[in-house]
Amino acid sequence: MVEGTQRRLAAIVSTDVVGYSRLMGVDEVGTLDALRQHRAELIDPLIARHGGRIVKTMGDGLLLEFPSVVAAVECAVAMQTDLALRNRGLDDDIAIRYRVGVHLGDVIIEGEDIFGDGVNIAARIEALAEPGGISITDDAHRQVRDKIDLEWRDGASHEIKNIARAIQVWHWSNDPAPLAAAISMPGVEPSEPDSPSVAVLPFANLSSDPEQSYFADGMTDDLITHLSKLSGLFVIARNSAFAYKDRNVNVQEIAQDLGVRYILEGSVRRAGNTLRINAQLIDGTTGGHVWAEIFDRELKDVFAVQDEVTSEIVAALKVTLAPDERSGPSKPPTENLQAYDLFLKAREIHLRHGLETMGEAAAIYGEARDLDPNFAAAHAGEAAVCAFVARFNMFQFGTPVANHHRAQQAIDKALAIEPGNAAALCVRSSIFSTLGSHDEAITTARQVVNSEPNNASARRILAEALLIAGAAKEGLLEVETALRMDPKPDLHDSFLTGEAYFLNRQPERALGYYGGVLERDDEYWEAYNGVIIANAELGRMAEARRAVDTRLRLWPVFNVQVTALHRQHWNRDILDYWISALRKGGVPEWPHDFKGDEANRLTGTELSGLLMGHRLEGTSQADALPFSLENSLQGIWKFEIDNFELGGRAWVEGDSWCYAVDNGIPGRIERVSHFRNPAGTRAQLNEYVWAGPHDVFRYSVVD
């Protein structure tokens, strides 16, 4: 070996544009512009996010190096999936598709370049990939087969020029059928997907007890989940299906409304330990029955009935099952029917999304989990509620930090029982996002999306992770895909859709979703934030100001600083854009219309001398209550007001007083400003002003 030449093991990726010469012949300028756009907005950011580097460009292709095969394949899958979305609706003459090859091998390092057989093999197997697909060598396949849940097709052994041994190749094909369907937007009629499509309407409760509706809803939920996991079906998500609950709407109208061919409807009658389920599959184009059946079973056979219904639908629609979908009856989630019953009750309460009922839902999930410690869904449900409570700082259900730890423990237990549990992984992704661990959030959510592409909730979790990480365009693609599966999203998901459009600089479309939320619930506070920022960006200042006034009536503390605090885990550029629009719309900077004079703002040096090792006393502005704040020289603080105490640690950063609250939201740091009050006196305990996100405090140093 030449002196100075180095070798290392690397994950090598080769990419190439399919039909590049033909594309250039059709539209040279348009093709080059599209390639530049794909590189800048999608491909280069994905490479960086997965720890890769671009070794060199080769005409229309790229040679990449990654620290691991897992990172390389995850990046390639994300790239091919998102490119399929970008190609949605484009003619083949202009759609840009890549082939990708991945190999784990030895490379020679010369400066920034790499050479050797490893590079040649990656390039050769890339040519074997399908358009929009990925080919990997057996060496790479061994690294990812147990770590990434993808279906790899055996591509046999291939003789490769100048390589002494045959190379075993594996293929992954990105089938964009469900993704390529037109997105359902307000006022736009959804198109029917290529694969058989079905919506499961809420099963009617025919039990003598109206309170048993939760059980009928649970049957519907479980059937939607079963069917959604089948790759050969396109299934409408729960939110949109339940929009028709207790409504007398013609089945054919529903099918047209949701853009599906088939509707599954039915009823549940539960009496003691017996169960009657009536199910019927209807052709939405003709209104005729495709299949119908009545199941009279004992209650203990409820999971078997769900499997039977799923099998009958597969047979009726002639759905082709993938190899791993032919394994026979699914394993029951629990053998304890009382635990299952409690789980359904908890889920029904949980899905109301009422702040006042989250504690009740968590308690019932906990009861189900205690009855069957191996019930993964109960652990995942408990995790979701506790994570929600922690995220929104809801002390009425225990401290945020305690709920955060409870959520983490429940996730760990759910995944120990069922490693691929989608609900638990989605909660884990949300927690990562809240903690600002964006790469982990995206990777975790993408794991669910890759294994369950029909899971609209998982796509929205991924969308939110991408959006707040700064990948706004990628986030919007996931939101739009979710909208096709769930064209009638609930309030939270509608709000998220508005955020996706706003962060992609489409305020008009964002406003439609924000306003739509308020039409359904005029006390959904965050939607007013959206109306403010969208109108501000559109230059409609009067409308923005009216929304500010309404927001202040609903929550007088509303201000820029508190809103920034709740979003401090966002990517800085995204947050700055969002906050600048809030200021443009006329939102006050601090609570209670306090306006700080910059000439009187205390510097970091002044803050250290004034606060560290001293005791403050004064009065809050909100309720005119006396308070005290003790700060040790080590930065330990204790705050007391009206028999309420908080504590934590504090420090000076720049010209801000920063503090973290013990038992508060993990990782949340509050940064506040202090000002001199020229008119204040020691006798009145108001020589200084502490402008916090939730209140304004006037004080003096007394010790």
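Applying the criterion of being touching a helix residue (DSSP H, G or I) at 6+ places or on another chain (Cβ under 6 Å) and in a strand (DSSP E or B) to the residues of segment 644-664, the residue that is nearest to residue 633 (Cα to Cα) is 652. Counted as qualifying within segment 191-303 are the helices (runs of 4 or more DSSP H) with 1 or more residues that are under 23 Å from residue 332 (Cα atoms) and either touching a His at 6+ places or on another chain (Cβ under 7 Å) or open to solvent by less than 10 Å² (accessible area, probe 1.4 Å) (or both), namely 213-228. If a residue counts only when it is closer than 21 Å to residue 146 by Cα and at pLDDT 90 or above, which helices (runs of 4 or more DSSP H) contained entirely in segment 1-106 have at least 1 such residues? Answer list for segment 1-106: 69-86. State whether one or more residues within segment 371-384 are over 18 Å from residue 221 (Cβ atoms) and at pLDDT below 95. For segment 371-384, residues over 18 Å from residue 221 (Cβ atoms) and at pLDDT below 95: absent. If the condition is being open to solvent by 30 Å² or more (accessible area, probe 1.4 Å), among the hydroxyl-bearing types (Ser, Thr, Tyr) and assigned to a strand (DSSP E or B), then segment 675-703 contributes only 688. All conditions in (1) open to solvent by 10 Å² or more (accessible area, probe 1.4 Å); (2) touching a residue at least 24 places away in the same chain (Cβ under 8 Å); (3) in contact with a helix residue (DSSP H, G or I) (Cβ under 6 Å, 6 or more places away or on another chain) hold for residue 440, with the sole exception of (2).
Select from segment 40-64 the residues that are of a type in the set (D, E, K, R) and over 24 Å from the mean Cα position of the chain (by Cα) and write down the one among them that is surrounded by the most Cβ atoms within 10 Å (Cβ to Cβ).
The initial filter retains those residues of segment 40-64 that are of a type in the set (D, E, K, R), namely 41, 44, 49, 53, 56, 60.
Filter again for over 24 Å from the mean Cα position of the chain (by Cα), leaving 53, 56, 60.
Numbers: 53: 12, 56: 11, 60: 19.
My answer is 60.
Checked against (1) over 23 Å from the mean Cα position of the chain (by Cα); (2) at pLDDT 95 or above, residue 410 passes all but condition (1). When restricted to residues that are in contact with a His (Cβ under 7 Å, 6 or more places away or on another chain) and assigned to a strand (DSSP E or B), segment 107-128 contains 0. When residue 127 is tested against (1) among the aliphatic types (A, V, I, L, M); (2) over 25 Å from the mean Cα position of the chain (by Cα); (3) within 25 Å of residue 38 (Cα to Cα); (4) at pLDDT 85 or above, exactly one condition is not met: (4).
Here is a yes/no grid of residues against (1) surrounded by 14 or more Cβ atoms within 10 Å (Cβ to Cβ); (2) touching a helix residue (DSSP H, G or I) at 6+ places or on another chain (Cβ under 7 Å); (3) over 28 Å from residue 701 (Cβ atoms); (4) of a type in the set (Phe, Trp, Tyr):
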| residue | (1), (2), (3), (4) |
| --- | --- |
| 507 | yes, yes, yes, no |
| 510 | yes, yes, yes, no |
| 518 | yes, yes, yes, no |
| 528 | yes, yes, yes, yes |
| 537 | yes, yes, yes, no |
| 580 | yes, no, yes, no |
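In segment 599-617 there is no residue that is touching a helix residue (DSSP H, G or I) at 6+ places or on another chain (Cβ under 9 Å) and either open to solvent by 20 Å² or more (accessible area, probe 1.4 Å) or of a type in the set (Gly, Ala, Ser) (or both). Among the residues of segment 345-365, those that are farther than 23 Å from residue 219 by Cβ and either surrounded by 21 or more Cβ atoms within 10 Å (Cβ to Cβ) or at pLDDT 90 or above (or both) comprise 358, 362, 363.
Residue 136 passes every criterion in (1) of a type in the set (A, V, I, L, M); (2) free of Cβ contacts under 8 Å to residues at least 60 places away in the same chain; (3) touching a Phe, Trp or Tyr at 6+ places or on another chain (Cβ under 8 Å) apart from (2). Taking first residues from segment 244-259 that are in contact (Cβ under 8 Å) with a residue 24 or more places away in the chain and partners that are aliphatic (A, V, I, L, M) and part of a helix (DSSP H, G or I), the Cβ contacts under 7 Å between residues at least 6 apart in sequence or on separate chains come to 244/254. Evaluated against (1) small (Gly, Ala, Ser); (2) under 28 Å from residue 622 (Cα atoms); (3) out of contact with any Ser or Thr (no Cβ under 9 Å at 6 or more places or on another chain), residue 527 falls short on exactly one condition, (3). Could you tell me which residue of segment 107-123 is surrounded by the most Cβ atoms within 10 Å (Cβ to Cβ), considering only residues that are at pLDDT below 85 and under 29 Å from residue 31 (Cα atoms)? My answer is 113. Each residue in segment 140-154 was checked for being open to solvent by less than 80 Å² (accessible area, probe 1.4 Å) and either free of Cβ contacts under 8 Å to residues at least 40 places away in the same chain or part of a loop (DSSP other than H, G, I, E, B) (or both), and 4 pass. The one condition from (1) under 27 Å from the mean Cα position of the chain (by Cα); (2) buried (at least 17 other Cβ atoms within 10 Å of the Cβ) that residue 67 does not meet is (2).
Which one of 424, 402 is open to solvent by 30 Å² or more (accessible area, probe 1.4 Å) and assigned to a helix (DSSP H, G or I)? Spell out how you get there, then give the answer.
Working: 424 fails: open to solvent by 30 Å² or more (accessible area, probe 1.4 Å).
Of the residues listed, the single one that is open to solvent by 30 Å² or more (accessible area, probe 1.4 Å) and assigned to a helix (DSSP H, G or I) is 402.
The values are calculated or read from the model by the stated rules, or taken from the named source; none is laboratory data. Everything quoted here is computed from the prediction, not taken from an experiment. In this analysis, Cβ positions are derived from the backbone assuming ideal geometry, glycine residues included, and neighbour counts consider all displayed protein chains. Surface accessibility is based on the protein's heavy atoms, side chains included, excluding ligands, DNA and RNA. Shrake-Rupley method; radii C 1.70, N 1.55, O 1.52, S 1.80 Å.
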